[in-house]
Amino acid sequence: MIIDYLDRSGPDDFFADICIIGAGPAGISIARSFIGTSLNVCLVESGGLAGEDRNQELYEGTSVGSLELDPATSRMRAFGGSCNVWGGGCVPLSTLDLGPRDWVPHSGWPLSYDEIEPYYRRAQAVCGIESHDFADGTFLTPPARPPVAFDTNKLVNQNFVLSPVFFGDAYRSELERAANITVLLHANLLEFEAAPAGASVRQARIGALDGRRGLIHARRYVLACGGIENARLLLLSNSVAPNGLGNDRDLVGRYFMDHPSGKLGTLFTDAPDPLTRPYDRSGGKGPAPSFPELCLSDQAVQAHQLLSGRVRPVAVEAPTPKGIQALRDLKNALFPVRDESLALEGMMRAARKSDASGDDDGQAKEGIGKLGLRVGMGTWDIAQAVWRKLTDKPTVKSDYVDVIGYFEQAPNPDSRVMLGDEVDALGQRKVCVDWRLTALDWHTYRTAAGLFGAELANSCGGKFQLEPWLQEGNEAVPQLRGTAHHLGTTRMSDDPNLGVVDRQCRVHGVDNLYVVGSSVFPTGGWAFPTFTIVALSMRLAEHLRTLSDIAMVL
């Protein structure tokens with residue numbers, strides 16, 4: 001059942017066995033696990049079924065760190081969460097990613113790869129990629145285009161799979177039909193109200209943007225709102241615990257990480273295509289194709305004491321013929337590109353589209369008509385491109401290659417999510433993000449750039465030119481941006497002095513409150529996080545079912 005909380009014909013208050021805050025991949029995955037059981041689940045979503053500007057504005061905040069981050073444009077507030085616009089990349093973390101590393105302070109998960117592996121298996125079905133087998137840190141399905149082989153003591157190709165699943169679309173109907181699942185749209189968690197000693201959650205206070213207020217009473221609560229909002233909501237739950245719920249040791253919001261991305265250098269070569277084509281996400285087969293990522297080998301990471309990292313060699317085209325550009329513009333207008341790097345732009349397009357008027361639709365149709373005329377005038381350019389494609393060459397010749405890096409970030413307690421002084425439309429304090437780099441991050445970027453650049457140049461007889469920001473001293477301004485993979489702010493540890501949640505994702509010191517998502521990652525590796533988020537959600541769902549079974553027996 002789906003209820004819009006803005007519709008006042010329904011009740012203000014709700015009762016459930018399990019209350020899940022956040023209907024992204026984590027929240028939806030857990031809720032689905034209880035369909036048809038004897039337990040009643042209330043799944044609470046701040047947004048509606050599509051993006052809306054007024055809901056998106058609730059993510060607004062400030063950025064005060066050495067790296068700039070805009071919280072309002074890095075997540076999507078709607079049923080399905082940010083996976084409404086995700087790139088689909090799935091890959092498991094590796095044993096090295098999960099284990100403690102002597103040269104990485106605060107590293108090490110309390111869970112081993114073998115403990116998570118069975119839940120990766122379950123996550124495959126949720127993500128629609130069950131036809132692909134995987135191993136430690138990679139999928140085993142060969143990519144459509146075999147990549148160039150490198151010195152495996154330095155670089156390795158690891159495969160990821162593109163999931164075809166958009167969680168909001170894929171699982172909406174079954175949650176709507178489920179008699180024991182209630183989905184609340186446009187309902188915002190205002191606070192987890194704790195029992196007097198703060199040892200349990202008594203009720204969840206919710207509100208809508210129209211001023212409506214209510215309560216959710218549940219036996220257990222799960223917070224699944226992403227790496228920034230999870231921390232913010234715990235900090236806002238401070239009527240009983242002044243520092244925020246689960247924050248007795250001042251750890252909530254600390255260790256904020258992302259996967260910083262930036263250009264490492266330029267590769268000049270006369271033969272770029274064999275190098276770049278395997279990584280351009282074209283030529284994939286089936287609904288869930290496999291593609292390679294060029295990564296630092298475990299040997300290189302250990303020998304140079306680095307963080308994990310990957311690069312994508314991107315062919316930069318010579319001037320594009322007018323006919324080809326017209327055809328691309330038309331294709332993008334009709335079928336927006338699904339790519340990890342374009343996800344945030346896609347999110348904002350989706351938010352605007354939901355509020356579009358009929359006049360906008362008319363303008364779009366007129367634009368498509370003009371694009372069609374441009375395509376017709378460029379038939380010769382298109383014919384040449386078709387010939388190149390038939391020979392498995394890019395449609396436009398490449399001029400040079402940009403080497404784009406994506407890196408794990410070192411856990412840093414001074415890199416953190418805090419509450420700011422401004423308030424949002426609900427009267428809640430907005431978030432303030434202090435995103436910082438460490439000396440280990442800088443060491444990784446500079447060393448890895450040299451390793452990647454040298455190996456890429458050797459593979460094609462080219463020359464690699466390092467970016468200026470990596471050549472400068474410690475005062476250099478990092479030319480990096482985030483990838484909206486927000487990690488670490490409610491990190492997992494068996495020791496309550498070192499983490500916010502335990503190995504079962506339960507908040508230390510709070511009996512009935514759990515947190516799930518990338519915020520519980522102690523470290524992030526280079527991997528796209530959603531596959532691991534779903535795996536941990538499967539694991540938490542199993543734990544909650546076990547607790548309920550025990551309670552019924554007792």
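Every read-out reported here was derived from the displayed coordinates using simple, explicitly stated rules and does not represent laboratory data. Because the structure is a prediction, the values reported are computed rather than measured. Cβ: placed from backbone, ideal geometry, glycine included. Neighbour counts: every protein chain shown.
Projecting the alpha carbon convex hull of region 101-166 along each direction and taking the average yields 6.7 nm². Computed from point charges on the beta carbon alone (+1 for Lys and Arg, -1 for Asp and Glu), the dipole magnitude for region 155-203 about its Cα centre is near 80 Debye. A cut-off under 14 angstrom between Cβ atoms defines the neighbours of residue 416, and their net charge, with Lys, Arg +1 and Asp, Glu -1, is +1.
Counting 0.36 nm for each residue step from residue 115 to residue 280 and taking away their Cα separation leaves a gain of 56.1 nm. Hull volume per residue, based on the alpha-carbon atoms of region 208-264 and their convex hull, is 140 Å³. Please check which bits of region 402-419 a label hung off residue 250 would reach, taking the label as a point 7 Å along Cα-to-C-beta and the cut-off as backbone N under 15 Å. Counting only backbone N, you get 413-419. Within region 62-146, which GluC sites (Glu not before Pro) sit in a loop by DSSP and count at most 16 neighbouring Cβ atoms inside 10 Å? Loop-located and lightly packed - 68, 130. When you filter the trypsin sites (Lys or Arg not before Pro) in region 1-85 for DSSP loop state and at most 12 other Cβ atoms inside 10 Å of their Cβ, you are left with 8. Across region 183-194, computed HN-Hα scalar couplings (Karplus, 6.51 cos²θ - 1.76 cosθ + 1.60, θ = phi - 60°) run 9, 9, 9, 6, 10, 10, 5, 9, 6, 7, 7, 8 Hz from first to last residue, x flagging Gly and Pro. Placing pseudo-labels 7 Å out from each Cα toward the beta carbon at residue 35 and residue 131 gives an inter-label distance of 2.2 nm.
Farthest toward the positive end of the dipole of region 222-299, out of 234, 274, 259, is the Cα of 234, where the dipole comes from beta carbon charges about the Cα centre. Of the GluC sites (Glu not before Pro) found in region 451-552, the ones in coil according to DSSP and having at most 14 other Cβ atoms within 10 Å of their Cβ are 472, 475.
Model label points for residue 174 and residue 66, set 7 angstrom from Cα along the Cα-to-Cβ axis, are 4.6 nm apart. Among 460, 90, 505, the ranking by other beta carbons within 10 Å of each residue's beta carbon, starting with the fewest, stands as 460, 505, 90.
In this rough spin-label picture, where each label sits 7 Å from Cα along the Cβ direction, the residue 13-residue 217 distance is 0.6 nm.
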